[in-house]
Amino acid sequence: MDIQKINQIFADTAYVRMGGRPEERKCAEYLAGLCAEFGGKAELQAFPVWLGDIREAKLYADGVEVPCKGYMIAGNAELEAPFYYLANTDAYSLSLCKGKIVMIDGYMGYWRYQDILANGAVGFITYDGHVNYADRDIDQRELRPHVAKGNKLPGVNINAKDAVKLVENETKTVKIVLQQDEWEGKSHNVVLDIPGEIDEWIVLTAHYDSTSLSTGAYDNMSGSIGILAMAEHFMTVPHRRGIRMILCGSEERGLLGAKAWVRDFPELAEKCVLNVNLDMIGSIMGKFHACVTGEEKLVSYIEYFAAEQGFGIGVKQGVYSSDSSPMADAGIPAISFARLAANNTGTIHNRYDTLKLMKAEHMVKDIAFIQSFTERMANAVQIPVKREIPDNMKERLDEYLGRKRPKEA
């Protein structure tokens, strides 16, 4: 795949592609069409996702309306209660949530939600954006079903500038109005199988959806282009192991596409000996990383291989917040490759994630290295990676996937 084609794909997909929405389906069909151009027959595999169409979302602070967006799948409510900013998460601070609408810093993750729910909160507020940015954008967030577990509190998201004002003004009472229609929709994985000489498979993954404010060039059309380029290559050369390409839908909504694939196709997952995942490559700025959710020996192997190739890289064992995690959780050793820029040169999940962050020449170099490594694995007489997940990585997966509380949570 040349520079011109890479830039064309970026341009063709420069729109918001939220999981389960028509724009995501449009992109899935486009990506399948690209596979057809190089002789591949990709399949769109549907899986269910919960959606919410917000009819009304309002927040009032001491009677004054504050711009907000309602949390999708957080039910319907009209609720007024004392305002409480949860700055600390010790037991005493949490005990003050009772009967209040609670504002937290950052995302409403699994354990924070369980904490405020257990301590009697009646609603919640989150915020995003930046106090020093000119925009007043607000992300469309959702109360994920695996977080709520049927216990829904109404919630809204606001801009950071307004969050600061709520605390600065010593807000006493807030009111949330949230009305929405909740329904079950569909998202899609784009899957292409390229058989090899034996019935073992290397599964290549990248997500193609975006968040509500982002056209997602960096996060993660870049990774999707990388996977497409590798699939195109393997269509033309012999290889010992099969290559299974999965462009995952609804990753930004909780890795739903990868989770659906390992759930729905366990017999296929059992034959996968390695997962190579791409999530944010080819940026102008940033350090190239590999995160291995597998045996420690693979870290050294990649370091040696990169040195042999003359390719700069940092490698660690860990759990990466991407589609590699459900793959590893299903027992498939996983590697996530990424070129990670600093926040002030490569921010994501907002309007600034555009083609301006990307450099096609860097895309070509990153893809070439990942492809060379993957080809080595695909053609190994015996794949050197054990098909098992070490205990320390299982523990990290338990924490990341919400089955075990991390110490810092």
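Which value results when the Cα radius of gyration for region 85-232 is divided by 2.2 N^0.38 Å? Display every interim value, and only then the final one.
Details: Rg = 20.5 Å, N = 148, 2.2 N^0.38 = 14.7 Å.
Dividing the Cα radius of gyration by 2.2 N^0.38 Å gives 1.39.
Label points 7 Å out from Cα along the Cβ direction at residue 182 and residue 165: separation in nm? So the label points at residue 182 and residue 165 sit 3.1 nm apart.
Distance from the Cα centre of region 219-290 to that of region 325-379, in angstrom? Here the answer is 10 Å between Cα centres.
Take the cross-link list 100/404; 316/359; 297/404; 69/359 and give me the ones stretching past 31 Å between alpha-carbons. Each step should come with its number before you reach the end.
Details: 100/404 27 Å; 316/359 25 Å; 297/404 26 Å; 69/359 34 Å.
In this structure, 69/359 exceed 31 Å between Cα atoms.
Between the Cα long axis of helix 297-309 and the first principal axis of the chain there is an angle of about 60°, rounded to the nearest 10.
From the Cα gyration tensor of region 285-351, with a ≥ b ≥ c the square roots of its eigenvalues, which class applies: rounded if a/c is under 1.5, or else prolate if a/b is larger than b/c, or else oblate? Working shown, then result.
Values: a/c = 3.10, a/b = 1.19, b/c = 2.61.
Here region 285-351 falls in the oblate category.
Residue 236 contributes an accessible area of around 100 Å² to the protein surface, as traced by a 1.4 Å probe with all chains present.
Where nothing but the Cβ of Lys and Arg (+1) and of Asp and Glu (-1) is charged, how large is the charge dipole of the chain around its Cα centre, in debye to the nearest 20? Numbers along the way, then the final one.
Values: 46 positive and 56 negative charges, 90 e Å.
With Lys and Arg at +1 and Asp and Glu at -1, about 440 debye.
The aspartates and glutamates within cross-link reach of residue 356, meaning a Cα-to-Cα straight distance under 15 Å and a gap of 8 or more places when in the same chain, are 12, 219. For the chain, modelled as a GNM whose springs connect Cα atoms under 10 angstrom apart, the maximal fluctuation among 280, 327, 103 occurs at 103. Estimated purely from DSSP H runs of n ≥ 4, each contributing -39500 (n - 2.57), the mean residue ellipticity at 222 nm for the chain is -9000 deg cm²/dmol once divided by its residues. Sequentially through region 75-81, phi angles give Karplus couplings (6.51, -1.76, 1.60; θ = phi - 60°) of x, 10, 6, 10, 9, 10, 7 Hz, Gly and Pro residues having no value and appearing as x.
Measuring spread by the Cα atoms of the chain yields a radius of gyration and Dmax of 22.1, 70 Å.
So, for region 1-40, what is the accessible surface per residue at a probe of 1.4 Å, expressed in square angstrom?
On the way: 1910 Å² over 40 residues.
Computed with neighbouring chains in place, this is 48 Å² per residue.
May I ask you to give the percent of accessible area on region 36-92 that is carbon plus sulfur, with a probe radius of 1.4 Å? Mind dumping the intermediate values first?
Details: 1550 of 3140 Å².
Within region 36-92, the accessible surface is 49 percent carbon and sulfur.
Put simply, region 308-409 fits an ellipsoid with semi-axes of 26, 24, 11 Å; these come from the alpha carbon gyration tensor as the roots of five times its eigenvalues, largest first.
Taken per residue, the accessible surface of region 169-213 reaches 38 Å², heavy atoms only and a 1.4 Å probe. Taking the alpha carbon gyration tensor of region 1-120, multiplying each eigenvalue by 5 and rooting it gives semi-axes of 43, 17, 15 Å, largest first.
Please give the length that would be gained between residue 381 and residue 14 if that part of the chain were fully extended, namely 0.36 nm times their separation in residues minus their C-alpha to C-alpha distance (nm, one decimal). Intermediate results must be reported in sequence, preceding the final value.
Values: separation 367, 0.36 × 367 = 132.12 nm, distance 4.14 nm.
Taking 0.36 nm per residue and subtracting the Cα distance, the gain is 128.0 nm.
Suppose every K and R has +1 on its Cβ and every D and E has -1 on its Cβ; what is the size of the dipole of region 181-273 about the Cα centre, in Debye to the nearest 20?
Its charge dipole is roughly 260 debye.
Of 268, 249, 286, which is farthest along the charge dipole of region 247-290 in the positive direction, counting Lys and Arg as +1 and Asp and Glu as -1 at C-beta? Of the options given, the answer is 286. Assign one of three labels to region 228-336, namely rounded, prolate or oblate, based on the Cα gyration tensor with a ≥ b ≥ c the square roots of its eigenvalues; rounded applies when a/c is under 1.5, prolate when it is not and a/b is larger than b/c, and oblate otherwise. The shape class here is rounded.
For region 235-282, the dipole from Cβ point charges (+1 on Lys and Arg, -1 on Asp and Glu) about the Cα centre works out to 200 debye, to the nearest 20. Cα centroids of region 1-52 and region 54-87: 35 Å apart. Pairs over the 23 Å Cα-Cα cut-off, from the set 5/186; 58/172; 271/386; 152/394: 5/186; 152/394. Using only the Cα atoms of region 125-172, build the gyration tensor, take square roots of its eigenvalues as a ≥ b ≥ c, and label the shape rounded, prolate or oblate: rounded if a/c is under 1.5, else prolate if a/b is larger than b/c, else oblate. Oblate. Putting +1 on Lys and Arg Cβ atoms and -1 on Asp and Glu Cβ atoms, find which of 382, 318, 347 reaches farthest to the positive end of the dipole of region 310-398. In region 310-398, that residue is 347.
Loop-located trypsin sites (Lys or Arg not before Pro) across region 20-90 with a Cβ neighbour count of 12 or fewer within 10 Å are 41, with loop assigned by DSSP. Ordering 45, 125, 57 by the projection of their Cα atoms onto the charge dipole of region 44-131, which places +1 on the Cβ of Lys and Arg and -1 on the Cβ of Asp and Glu, puts 45 at the extreme positive end. Dividing the convex hull volume of the alpha carbon atoms of region 226-265 by its residue count gives 73 Å³ per residue.
When only DSSP loop residues count, what GluC sites (Glu not before Pro) in region 98-194 have their Cβ near at most 16 other Cβ atoms within 10 Å? Could you put the intermediate results ahead of the total?
Details: sites: 142, 168, 170, 182, 184; in loops: 170.
Taking region 98-194 and a limit of 16 other Cβ atoms within 10 Å, the loop GluC sites (Glu not before Pro) found are 170.
The values are calculated or read from the model by the stated rules, or taken from the named source; none is laboratory data. Please read these numbers as outputs of a predicted model, since none were measured by experiment. Reconstructed Cβ throughout: ideal geometry from the backbone, glycine too, with neighbour counts over all protein chains shown. Quick note on the areas: whole protein, heavy atoms, side chains included, nothing else; ligands and nucleic acids left out. Shrake-Rupley method; radii C 1.70, N 1.55, O 1.52, S 1.80 Å.
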